[in-house]
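Enquirer: One structure, as structure tokens, below. Some questions next.
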Amino acid sequence: MYSLILHGRRLVQFQKCRSLRFLVNPLQNASSFSSSFSSASVVADLGPEDGGKGKNFTVSYLVDSLGLPTKLAESISRKANFEGKGNPDSVLNLFRSHGFTDSQISTIITNYPRLLVLDAEKSIGPKLKFLQSRGGASSSELTEILSKVPKILALKGNKVISVYYDFVKEIIKADKSSKFEKLCHSLAQGSEQENRMRNVSVLRELGVPQKRLFSLLTSGRGPIGGKERFDESLKKVVDMGFDPTTSKFVHALRVFYEKSDKALEEKVQVYKRLGFAVGDVWEMFKKWPLSLTHSEKKISLRFETLKKCGLLEDEIFSVLTKFPQCFGASEQKIENSIETFIGLGFSRDEFAMMVKSYPSCIGLSAETVKNKTEFLVKKMKWSLKALVSNPSVFGYSLEKRSVPRCNVIKALMLKSLLASKLPPLSHVLAITDQAFLNKYVKIHDDKELVAELMAIFTGGRVS
């Protein structure tokens, strides 16, 4: 599908969809549809968002009741928290009584945690019963659709719920059969709700994944409510070559939809005044569309903050061009990043060197940096200087990449099968999986040894 977007056929598909309509029944007397997606129409009294006691209880509850990782539970607790298990227990039991598996319930709560603070009997239960009462809806269909888009249960009105449920069902059905054209038909013009469905179908035809479509459809505002403006914005995004399977595509669509050409030109001029070339500004936009949403004050502040990292002005230009996400990092986050690296033994100059080579260092959490440094330096005995020379290792997954490979290296060292005591860091982690296997595993003639090393590599055990 992406090849169509890159080579003109994408525009043919786009224009084709403009004259089509959905398989779902045209909406009639559903003027409340669009308002049902606004934040005001979703239950507002959802409990406190903060509070240490409630947050700690929520984390423990999510870990114990749903088996969620602590880090994920902490993230969820920032969106919904509670101080007792009565209400969340009722919600979970309600889902189980309607045939949802524990895995599906975990997915639902992860995607829309505020369901845990809704009234199970008065708010969620009647909607589940209504959906089950509709003809032709099997239990497996219901659990699949609501697992993918649990926010359906926060909408108001049976007619609105029906329309949205049916549309989600059509998208899922089309995905399974790979017949995306089934989502389009000639469509009556006019209402916002019709525009929402029409536009979501166009995006699906272009290859935008389900999860991004559904979040757009449930958004109270955004690029899919209009018609001409949506068409114009989508054409710009498609022409720039954004991959519709990525979040950048949706972010770029939002930016073009929400900002006029004049407003965007003013943003470009802000960057020009700081010394960026126009071409660089749009290259940054392609890497991170939100770069054209920041105020001049915020952009200027990032320059000053990055100077604290020890970077010279031309180096800051290079870092921001390479990794414009830095514009989105708060001053506190950047300063915390500096403190984290210095606290682990890196000097300011070394931190500056790593940022120049691998700007993503700035966006890493303290826990991530500490865990990876401890493993590579304390357990594997590589030096801090080795990490400074290869800062991209901070972006590699410990579980999927670093630990399995390092366990193979340690096994070879125990068997005295390595020429040197410890290979250079880059020779172990900075190469592809296939290159690593060829270099350290498949090179051996002993088939039993190769099998043993492969088991270690695929097992990823921490020694």
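The values are calculated or read from the model by the stated rules, or taken from the named source; none is laboratory data. Note that this is a predicted model, so its numbers are computed, not measured. Positions of Cβ are backbone-derived with ideal geometry, glycine not excepted, and every protein chain shown enters the neighbour counts. Note: areas computed on protein heavy atoms with side chains; ligands, DNA, RNA excluded. Shrake-Rupley method; radii C 1.70, N 1.55, O 1.52, S 1.80 Å.
Enquirer: Pull up segment 335-351, narrow it to residues that are closer than 18 Å to GLU304 by Cβ and surrounded by fewer than 19 Cβ atoms within 10 Å (Cβ to Cβ), then point me to the one that is modelled with the highest pLDDT.
Expert: GLU339
Enquirer: Moving to a separate point now. Taking the condition of being aliphatic (A, V, I, L, M), at pLDDT below 85 and closer than 20 Å to LEU118 by Cβ, how many residues in segment 156-172 meet it?
Expert: Residues flagged as aliphatic (A, V, I, L, M), at pLDDT below 85 and closer than 20 Å to LEU118 by Cβ within segment 156-172 amount to 2.
Enquirer: On to the next question. Could you list, in sequence order, all residues of segment 385-414 that are farther than 23 Å from LYS322 by Cβ, over 26 Å from the mean Cα position of the chain (by Cα), of a type in the set (A, V, I, L, M, F, W, C) and open to solvent by 10 Å² or more (accessible area, probe 1.4 Å)?
Expert: Across segment 385-414, the qualifying residues are ALA411, MET413, LEU414.
Enquirer: Looking at segment 256-267 only, could you name the residues that are in a helix (DSSP H, G or I) and buried (at least 16 other Cβ atoms within 10 Å of the Cβ)?
Expert: The answer is PHE256, TYR257, LEU264, LYS267.
Enquirer: Given the options GLU399, GLU374, name the one that is of a type in the set (Asp, Glu), at pLDDT 95 or above and within 30 Å of GLU335 (Cα to Cα).
Expert: Within the list GLU399, GLU374, the selection yields GLU374.
Enquirer: Filter segment 230-255 down to the residues that are of a type in the set (Gly, Ala, Ser) and part of a helix (DSSP H, G or I), then identify the one that is nearest to LEU290 (Cα to Cα).
Expert: If we take residues in segment 230-255 being of a type in the set (Gly, Ala, Ser) and part of a helix (DSSP H, G or I), then ALA252 is nearest to LEU290 (Cα to Cα).
Enquirer: For segment 62-97, name all the residues that are buried (at least 17 other Cβ atoms within 10 Å of the Cβ) and in contact with a Ser or Thr (Cβ under 9 Å, 6 or more places away or on another chain).
Expert: Result: LEU62, LEU66, LEU68, ALA73, ILE76, SER77, ALA80, ASN81, PHE82, PRO88, LEU92, PHE95.
Enquirer: Would you check if there is a residue in segment 373-396 being farther than 25 Å from LYS71 by Cα and of a type in the set (Val, Ile, Thr)?
Expert: Yes, segment 373-396 contains at least one residue that is farther than 25 Å from LYS71 by Cα and of a type in the set (Val, Ile, Thr).
Enquirer: Additional query: Are there any pairs, at least 6 apart or on different chains, whose C-beta atoms fall under 6 Å, with the first in segment 105-133 and closer than 20 Å to GLY84 by Cα and the second of a type in the set (Lys, Arg), and if so, which?
Expert: TYR112/LYS151; PRO113/LYS79
Enquirer: Among the residues of segment 270-312, count how many are assigned to a helix (DSSP H, G or I), open to solvent by 70 Å² or more (accessible area, probe 1.4 Å) and either in contact (Cβ under 8 Å) with a residue 24 or more places away in the chain or of a type in the set (Phe, Trp, Tyr) (or both).
Expert: Result for segment 270-312: 6.
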